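The values are calculated or read from the model by the stated rules, or taken from the named source; none is laboratory data. These numbers were taken from a predicted model, which means no experiment stands behind them. Quick reminder, even Gly has a Cβ in these numbers, built from the backbone with ideal geometry, and neighbours come from all protein chains shown. The accessibility values were calculated without ligands, DNA or RNA, using every heavy atom of the protein model including side chains. Shrake-Rupley method; radii C 1.70, N 1.55, O 1.52, S 1.80 Å.
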Amino acid sequence: MLGRVHAAVSLLTAATVLTGCGSTVEDVKLTMATGSEGGVYYRLGNGLADIWSGRLGIVRPQVVATAGSKDNVTRLVNNQAQVGFSQADAVEEVEGASRLRALARMHDDYLQIIVRADLPATKLGQLSGLRVSIGAPESGVEIIARRLLRAENVTPQEFHLGVEASAKAMQEGKLDAFFWSGGLPTSSITELTKSLGVRMLDLKEELPRFRQQYPVYGSATLPASTYNLQSGPVITLVVRNFLLVSDSMPDDVAEALVRQLFEGQPDLVKAHSAARTIEQRSAIETSPVPLHDGAMRYYRDSKV
């Protein structure tokens with residue numbers, strides 16, 4: 001009984017927040033730019049769409065599959081989407097991105113460089129000359145891959161495929177390796193490892209000098225258990241993910257979206273386990289993107 005009362009109060013509060021800006025709940029219509037259908041952005045986007053429509057009573061946001069971070073930032077700048085996911089580095093690549101604001105820092109993406117296990121390549125430098133997908137055009141994967149390959153002077157035969165197409169091409173013997181940046185685990189890679197022997201490259205030698213050049217990136221250990229890798233855990237690059245909107249979004253709407261992101265987090269975890277790592281205290285760490293004023297109001301009210 002108490003749970004139902006709490007849910008009713010939460011919904012009433014959210015409706016009051018939305019109507020407080022002179023609009024009604026029914027007026028709020030959102031398009032959300034996510035990523036490839038096999039990626040974490042897409043699954044979290046659908047989870048958020050369900051949460052926001054169910055808890056706020058708005059029309060379910062349209063969840064759009066995209067090439068990824070850079071594409072999403074471009075869509076937000078051009079008002080083709082009102083909400084979008086992006087890696088922290090992608091905002092540096094799009095003109096006009098200074099108008100964007102963050103609702104929250106989400107999960108961190110792990111760079112995953114997948115190589116066929118029957119090839120001798122065990123280091124990044126050994127990818128030169130091999131058939132390697134560096135990610136779909138306009139994706140965050142492509143940004144990282146280009147920066148890393150250029151920094152290490154590695155010159156593979158470049159292909160430009162999303163994670164699903166990359167996994168399929170590797171399965172068919174048309175690709176030797178591919179880059180992917182995403183939350184853990186990524187379903188397309190999980191499925192690939194069930195039918196094909198693969199390894200992931202360890203970047204512990206490259207990361208110290210690379211991070212000096214690009215401090216936006218961090219490093220972390222990718223556990224072998226994530227994909228049941230026989231080669232063991234690897235040190236790899238990580239990049240923060242943000243949930244972004246335009247600075248033109250009304251403060252009350254932004255506040256309501258953030259509030260329901262956290263109050264509905266148990267349901268978001270059901271959409272993808274990466275949502276477990278979203279925390280209020282770290283959610284405000286969105287540099288170089290400023291927090292939206294409405295989001296800041298929520299965090300202040302929550303004593304963050």
Quiz item: Of the residues VAL234, VAL163, which single one is surrounded by 15 or more Cβ atoms within 10 Å (Cβ to Cβ) and touching a Leu at 6+ places or on another chain (Cβ under 9 Å)?
Solution: VAL234
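For the range 156-172, which positions are assigned to a helix (DSSP H, G or I), under 16 Å from SER36 (Cβ atoms) and not acidic (Asp, Glu)?
Here is the first cut: in the range 156-172, the residues assigned to a helix (DSSP H, G or I) are 163-171.
Still in the running and under 16 Å from SER36 (Cβ atoms): 163-170.
Matches in the range 156-172: VAL163, ALA165, SER166, ALA167, LYS168, ALA169, MET170.
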Practice problem: Give the number of residues within the range 264-286 that are more than 20 Å from TYR42 (Cα to Cα) and in contact (Cβ under 8 Å) with a residue 40 or more places away in the chain. | Solution: 4
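From the set of residues in the range 245-304 that are aliphatic (A, V, I, L, M) and assigned to a loop (DSSP other than H, G, I, E, B), which is farthest from PRO185 (Cα to Cα)? Lay out the reasoning, then the answer.
Applying the first criterion (aliphatic (A, V, I, L, M)) to the range 245-304 yields 245, 249, 253-254, 256-258, 261, 268-269, 271, 274-275, 278, 283-284, 289, 291, 295-296, 304.
Next, only the ones that are assigned to a loop (DSSP other than H, G, I, E, B) stay: 249, 278, 284, 289, 304.
Numbers: MET249: 32, ILE278: 15, ILE284: 24, VAL289: 26, VAL304: 29 Å.
Filtering the range 245-304 for residues that are aliphatic (A, V, I, L, M) and assigned to a loop (DSSP other than H, G, I, E, B), the one farthest from PRO185 (Cα to Cα) comes out as MET249.
Table: residues versus (1) within 18 Å of the chain's Cα centre (by Cα); (2) buried (at least 20 other Cβ atoms within 10 Å of the Cβ).
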position	(1), (2)
VAL245	yes, yes
ASP251	no, no
VAL258	yes, yes
ILE278	yes, yes
PRO288	yes, no
Exercise. Please give the number of the condition GLY232 fails out of (1) in contact with a helix residue (DSSP H, G or I) (Cβ under 8 Å, 6 or more places away or on another chain); (2) without any contact (Cβ under 8 Å) to a residue 40 or more places away in the chain; (3) not in a loop (DSSP other than H, G, I, E, B).
Key: (3)
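Can you name the residue in the range 184-210 that is among the small types (Gly, Ala, Ser) and in contact with a helix residue (DSSP H, G or I) (Cβ under 7 Å, 6 or more places away or on another chain) and is also surrounded by the fewest Cβ atoms within 10 Å (Cβ to Cβ) among such residues? If you could, list the steps in order and put the result at the bottom.
Going through the range 184-210, the residues among the small types (Gly, Ala, Ser) turn out to be 187-188, 195, 197.
Now restrict to residues that are in contact with a helix residue (DSSP H, G or I) (Cβ under 7 Å, 6 or more places away or on another chain): 188, 195.
On the way: SER188: 20, SER195: 9.
Ranking the candidates gives SER195 first.
Give me the residue from the range 32-68 that is of a type in the set (S, T, N, Q) and surrounded by 22 or more Cβ atoms within 10 Å (Cβ to Cβ) and, out of that set, nearest to GLN265 (Cα to Cα).
Going through the range 32-68, the residues of a type in the set (S, T, N, Q) turn out to be 34, 36, 46, 53, 62, 66.
Subset that is surrounded by 22 or more Cβ atoms within 10 Å (Cβ to Cβ): 34, 36, 66.
Values: THR34: 18, SER36: 22, THR66: 24 Å.
Ranking the candidates gives THR34 first.
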Self-check item: Matching residues, the range 206-229, being outside any helix (DSSP H, G or I) and either of a type in the set (S, T, N, Q) or more than 22 Å from LEU196 (Cα to Cα) (or both)
Solution: GLU206, TYR214, PRO215, VAL216, TYR217, GLY218, SER219, ALA220, THR221, ASN228
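Can you give me the number of residues within the range 11-37 that are at pLDDT 80 or above and touching a helix residue (DSSP H, G or I) at 6+ places or on another chain (Cβ under 9 Å)? Write out each step before concluding.
First pass over the range 11-37, keeping only residues at pLDDT 80 or above: 27-37.
If we keep only those that are touching a helix residue (DSSP H, G or I) at 6+ places or on another chain (Cβ under 9 Å) too, we end up with 27-28, 30-37.
Qualifying residue count, the range 11-37: 10.
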Exercise. May I ask you to list the residues in the range 173-183 that are part of a strand (DSSP E or B) and open to solvent by 10 Å² or more (accessible area, probe 1.4 Å)?
Key: TRP180
Exercise. Give me the pairs, please: first residue somewhere in the range 91-114 and aromatic (Phe, Trp, Tyr), second residue anywhere and open to solvent by less than 40 Å² (accessible area, probe 1.4 Å) and part of a strand (DSSP E or B), beta-carbon distance under 8 Å, and either six or more positions apart or on two chains.
Key: TYR110/SER181; TYR110/GLY182; TYR110/ALA220; TYR110/LEU222; TYR110/THR236; TYR110/LEU237; TYR110/VAL238
Quiz item: What number of residues in the range 184-203 are aliphatic (A, V, I, L, M) and part of a helix (DSSP H, G or I)?
Solution: 2
